[in-house]
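J.: Quick one: the structure is below, and I'll ask about it shortly.
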Amino acid sequence: MVRFTATITTAIHHRLRRHIRTFVNARVKWVRDPYLDTAVEKEKNLKSLLSLKNLIISHPSKAPHLRTISPLKPQLNLPTTTLKFIQNYPFVFKTFRPPIPLSTLHVKLTPNAESLHNDETLFLNLSHYRKDLAQRLAKLLMLTRANRLPFFVINRFKFDLGLPHDYLLSLLSEFPEYFQICQMGFKGADGREVFGLELVKWRKDLAVSVVEKGVKREDFGGGKRVHIRYSMNLPRGFDLQKKVKNWAEEWQNLPYISPYEDAFHLAPNSDQAEKWTVGVIHELLSLLISKKTERENIYCLGDYLGFGIRFRKALVHHPGIFYLSNKIRTHTIVLREAFDKNILVEKHPLMRMRYKYISLMNKVLRRGIPINAGALRHRKRLASLKAGNSKRMKQVKSIEPKED
């Protein structure tokens, strides 16, 4: 009888916790993580560079006029003029004038960049990669209640998912058993019908989150229960208040609800609902090849799905799971557990390809000799520190008392 009563009490306790908000009234401070900032900063201008590369390579001559590219600067999201951007990466782009009178500047890829593009194209056409891409896109749709998303939301994650720039034509038709284009049932700001992508049918084999795959399932009275505690990696100098630590410990012990389940029946301000919300964001970031994305992308998805401010609160309340970087002229949400310092732990093959582009981007010409721009910046910092130390030593010597 005692055991039965205890079981009922425990069940009531868990049921109440789903509806009670217990987050402490304490400020969770933001602390810079230099390693994750470096991970974000190393990809500075990569997206713009690859967009420009794709534009050049898709031109019939593979060497368009510079004047035809320059008006597309806003679409390419270039941080400076098109010519200056091209000149910043001499190992990726090359400008030239055709040997005809009054010719204007043209731009093409360097042999190294074109060779890398060809390798990338071969990889993108591999059947196992395309299957992986289709499954990750399907899982993104499965995070929604209606199993569909408008294209304006999907396109925000296109680069981070690794979708080809022409995925509507080159990918979707290859997987008719996965996807179909649909009308979303509302109109955009321009008054036109909004279209999106819909899952043809629910795929149970894909409805397993990344964290669920790595946990042990234990049998409790004939039922299956998943014990999941999120990895918490706080940077040096980050010290949570004791009451926040106590709350986080209790929150970690709450039941795990899969992000592929619909848990909107939970009280939106409850701790249990927040654990489910964290699970949705965690799974979203896990689907992305770089394990990070711009904060506005996450907000856009959350608003469309009906989470509203809950996505914002979850990101603030759990700095040990998510990191907010303010580098490269934007705010980026990073999945902490995916990185060892500034190194991506599990590199998707397409990320390995992108790192090769970054390597070309970091090369600059100095007196006609190719060197790594990162090494050059490091040398300049060391020289600056050395000059500063020398200046301080001179100042110290100047105020030392002279011997008679």
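The values are calculated or read from the model by the stated rules, or taken from the named source; none is laboratory data. If you're wondering where the values come from, they're calculated on a predicted model, not measured in any experiment. Heads up, the Cβs are rebuilt from the backbone with ideal geometry, glycines too, and the neighbour counts pull from every protein chain shown. Please note that ligands, DNA and RNA were not included when accessible areas were found on the heavy atoms of the full protein model with its side chains. Shrake-Rupley method; radii C 1.70, N 1.55, O 1.52, S 1.80 Å.
J.: Can you find a residue in region 104-118 that is at pLDDT below 95, of a type in the set (A, V, I, L, M, F, W, C) and assigned to a loop (DSSP other than H, G, I, E, B)?
T.: yes
J.: Could you tell me whether region 243-251 includes any residue that is closer than 27 Å to C300 by Cα, in a helix (DSSP H, G or I) and modelled with pLDDT of 85 or more?
T.: For region 243-251, residues closer than 27 Å to C300 by Cα, in a helix (DSSP H, G or I) and modelled with pLDDT of 85 or more: present.
J.: Name the single residue that is nearest to F175 (Cα to Cα) among those in region 75-103 being in a helix (DSSP H, G or I) and of a type in the set (A, V, I, L, M, F, W, C).
T.: L76
J.: Considering (1) surrounded by fewer than 15 Cβ atoms within 10 Å (Cβ to Cβ); (2) modelled with pLDDT of 95 or more, say which one R67 fails and leave the rest.
T.: (2)
J.: When the residues of region 174-211 are narrowed to those that are part of a helix (DSSP H, G or I) and not hydrophobic (A, V, I, L, M, F, W, C), which ends up surrounded by the most Cβ atoms within 10 Å (Cβ to Cβ)?
T.: Of the residues in region 174-211, the ones part of a helix (DSSP H, G or I) are 174, 204-206, 210-211.
Remaining after also requiring not hydrophobic (A, V, I, L, M, F, W, C): 174, 204-205.
Details: E174: 14, K204: 9, D205: 6.
Looking at residues that are part of a helix (DSSP H, G or I) and not hydrophobic (A, V, I, L, M, F, W, C), I get E174.
J.: Name the residue, out of F123, F93, F159, F151, that is in contact (Cβ under 8 Å) with a residue 40 or more places away in the chain, farther than 17 Å from K356 by Cα and aromatic (F, W, Y).
T.: F151
J.: Please enumerate the residues belonging to region 141-173 that are in a helix (DSSP H, G or I), touching a strand residue (DSSP E or B) at 6+ places or on another chain (Cβ under 7 Å) and open to solvent by less than 10 Å² (accessible area, probe 1.4 Å).
T.: Hits for region 141-173 are L141, M142, I154, F157.
J.: Check L50 against each of (1) out of contact with any strand residue (DSSP E or B) (no Cβ under 7 Å at 6 or more places or on another chain); (2) at pLDDT 95 or above; (3) farther than 17 Å from I328 by Cα and name the one condition it does not meet.
T.: Only one criterion is unmet by L50, namely (3).
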